[in-house]
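Right, one structure below, let's go through it.
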Amino acid sequence: MYHKEKSIQIKNSASALYNNLSVLRIAPRRLTYFTVVHANVVNMVSASWDGLNYSHRQLQSKEPNVATSTSLIMQAAFCVLPSRELLVITSQKGIQMYESDGSIMVYWHALDTPETPSAQAVFARGISAVWENYICVGVSSGSILVFDVPSKGSNITLSEVLEEHKESITDIASECSGSQQCIADLVSADDGGNLCVWKSGEEFQLLNKIPGFDMSCSSVKLWKGTVVAGYGTGQIRLYEAVTGILHAEVNAHARWIYSLDIAPFSGLLLSAAEDSLVRVWHLTVSQETNSVEVAHLHNECVTDTQICGARFCDGDGYAFAVTGYDLSEIIRYTQT
């Protein structure tokens, strides 16, 4: 179903972090942007669709009033809002927001660090754009910071802090099917596997809390009112977002799942794990039972590689890209 394309070389190898790949398709310019985190650097590649031109940029984790930063970056993700696109980078010190091409930093938010060093590490992780003008970012304390983003300029404000999780946030995702009818439009996951389902707005509402089972949920997605969650057990679970009813449980991988992605237009689901496998599934909503059904479509084995990022490159799932720990390339696959 998919075949391997020519890989894209990157300046540094990928760190072993969850969801360590972000992809942004710039259709008018026939470009795709890729970002991969390595220690305290974000490697950014701009690739033309014909595969002839590549340009590279490296972004450091900045801190105010500090010349060189040793702060480790936890995640880099593109956030697409109706009026603008931003690249958000989270680290042990704070949250940076850039224009999507990485050219200008428009906002910096410092994390509260305890005056006395504690056993608890401080970092931000889990990034998602939601609704018209919000970007949500998770923190190690379990809080979720909600930023109100204007259509242009740098007047970004912290509008709300959601205090529901008790453990470090691992991932956050917003409804990606584009459906306006969805009651729930945001889901957050933590190290204990707990999921919180939210309705965004001027004040975010907690709609449902789905308890974990003491196994970290490393990656989460929301599609047509269904939460798709990947766990350290290698399982994928599908829950109805508002009621928390379990639709399906799939023993998808033999090792820890590091990344999930959904192609919203086709319902294709991508899962990638430490077992060197990338799998493509198809999600369909059954009209009779209104539940979600899962079918397995495709396997790719990236030999001797601990996969740490996998993303579709378009909304139909025609192509996807994969990163691996210690690998200085982005491997691409397209449908045959």
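Of note:
- Just so you know, in segment 24-59 the residues that are more than 20 Å from T70 (Cβ to Cβ), outside any strand (DSSP E or B) and in contact (Cβ under 8 Å) with a residue 12 or more places away in the chain include one that is least open to solvent (accessible area, probe 1.4 Å), and it is G51.
- Put simply, of V250, V187, V220 the only residue that is part of a strand (DSSP E or B), β-branched (V, I, T) and over 19 Å from the mean Cα position of the chain (by Cα) is V250.
- Hits in segment 312-332 (condition: charged (D, E, K, R) and at positive phi): D326
- Being open to solvent by less than 50 Å² (accessible area, probe 1.4 Å), assigned to a loop (DSSP other than H, G, I, E, B), in contact (Cβ under 8 Å) with a residue 12 or more places away in the chain and more than 25 Å from H282 (Cβ to Cβ) is a description that applies to G212.
- Checking each residue in segment 312-336 for being hydroxyl-bearing (S, T, Y), under 16 Å from V302 (Cβ atoms) and surrounded by fewer than 16 Cβ atoms within 10 Å (Cβ to Cβ) picks out only T334.
- When segment 297-311 is filtered for residues that are open to solvent by 10 Å² or more (accessible area, probe 1.4 Å) and touching a residue at least 40 places away in the same chain (Cβ under 8 Å), the ones remaining, listed by number, are L297, H298, E300, Q306, R311.
For every residue, the table says whether it meets (1) in contact (Cβ under 8 Å) with a residue 12 or more places away in the chain; (2) over 20 Å from F78 (Cα atoms); (3) not basic (K, R).
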site	(1), (2), (3)
A272	yes, no, yes
V280	yes, yes, yes
N290	no, yes, yes
V294	yes, yes, yes
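- Residues of segment 122-160 classified as open to solvent by less than 60 Å² (accessible area, probe 1.4 Å) and either within 16 Å of A110 (Cβ to Cβ) or within 20 Å of the chain's Cα centre (by Cα) (or both), total: 26
- Selection from segment 85-121 of residues that are under 21 Å from S168 (Cβ atoms), in a loop (DSSP other than H, G, I, E, B) and either open to solvent by 50 Å² or more (accessible area, probe 1.4 Å) or modelled with pLDDT of 95 or more (or both): Q92, K93, D112, T113, P114, E115, T116, P117, S118, A119, Q120, A121
- Hits in segment 161-177 (condition: charged (D, E, K, R), open to solvent by less than 60 Å² (accessible area, probe 1.4 Å) and closer than 15 Å to S218 by Cβ): D171
- Of residues in segment 224-238 being assigned to a strand (DSSP E or B) and open to solvent by less than 10 Å² (accessible area, probe 1.4 Å), the one farthest from T289 (Cα to Cα): Y231
- If you go through segment 190-205 and keep only what is part of a strand (DSSP E or B), touching a Lys or Arg at 6+ places or on another chain (Cβ under 8 Å) and either open to solvent by 30 Å² or more (accessible area, probe 1.4 Å) or at pLDDT below 95 (or both), you end up with just Q205.
- Cβ-Cβ under 7 Å pairs, at least 6 apart or on other chains, segment 9-23 side farther than 10 Å from V37 by Cβ and in contact (Cβ under 8 Å) with a residue 24 or more places away in the chain, far side open to solvent by 30 Å² or more (accessible area, probe 1.4 Å) and of a type in the set (K, R): V23/R311
- A search for C-beta distances below 9 Å between a residue of segment 243-263 that is on the phi > 0 side of the Ramachandran plot and any residue that is modelled with pLDDT of 95 or more, counting only pairs 6+ apart in sequence or on different chains, returns G244/L195; G244/V197; G244/N208; G244/K209; G244/I210; G244/P211; G244/V227.
The values are calculated or read from the model by the stated rules, or taken from the named source; none is laboratory data. Because the structure is predicted, anything quoted here is derived from the model rather than measured. Here the Cβ is made from the backbone with ideal geometry for all residues, glycine too, and neighbour counts use every protein chain on show. Accessible surface is based on the protein model in full, side chains and every heavy atom, while ligands, DNA and RNA are left aside. Shrake-Rupley method; radii C 1.70, N 1.55, O 1.52, S 1.80 Å.
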